[in-house]
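S.K.: Quick one: this structure, given as structure tokens, is what I'll be asking you about.
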Amino acid sequence: MELIKERYQGQVIGLSAEKPDATAANNHERLRRLKFYAKNEFLPTDFYTAEKGGVEFEFLTQKGQKIRPQAYPELMAQCLGLWQKFLLPIKVVKD
């Protein structure tokens, strides 16, 4: 994490992690991941995404930096092209 933060210093760094869900079999893992990211200064933004299969992902940025909610799906569309809507459909939801 430190190398990524160092290499992309001055840029917004974002990531997504499964939202906690008490009914999810891996909820303890989800909570551990969010704790790890918080320890590394990645905090939730004011939106999350609902992705394939209905799984919801918190979107986090370093030190809570602001980012346009559509930036993440736009980046995924840029990387995956036309396949994005089939492989990784993303719906942005404001908290």
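The values are calculated or read from the model by the stated rules, or taken from the named source; none is laboratory data. Everything numeric in this text was worked out from a predicted model, so none of it was measured. Glycine gets a Cβ as well: all are built from the backbone with ideal geometry, and neighbour counts include every protein chain shown.
S.K.: Does residue 5 satisfy the condition of being within 26 Å of residue 89 (Cβ to Cβ), charged (D, E, K, R) and in contact (Cβ under 8 Å) with a residue 24 or more places away in the chain? Quick ask: steps written out before the conclusion?
M.R.: Values: within 26 Å of residue 89 (Cβ to Cβ): no; charged (D, E, K, R): yes; in contact (Cβ under 8 Å) with a residue 24 or more places away in the chain: yes.
So residue 5 fails the test.
S.K.: Separate question: Looking only at helices (runs of 4 or more DSSP H) that fall completely inside the chain, which ones have 2 or more residues that are at pLDDT 90 or above and buried (at least 16 other Cβ atoms within 10 Å of the Cβ)?
M.R.: Numbers: elements: 2-7, 27-39, 71-80, 84-87.
In the chain, the matching helices (runs of 4 or more DSSP H) lie at 27-39.
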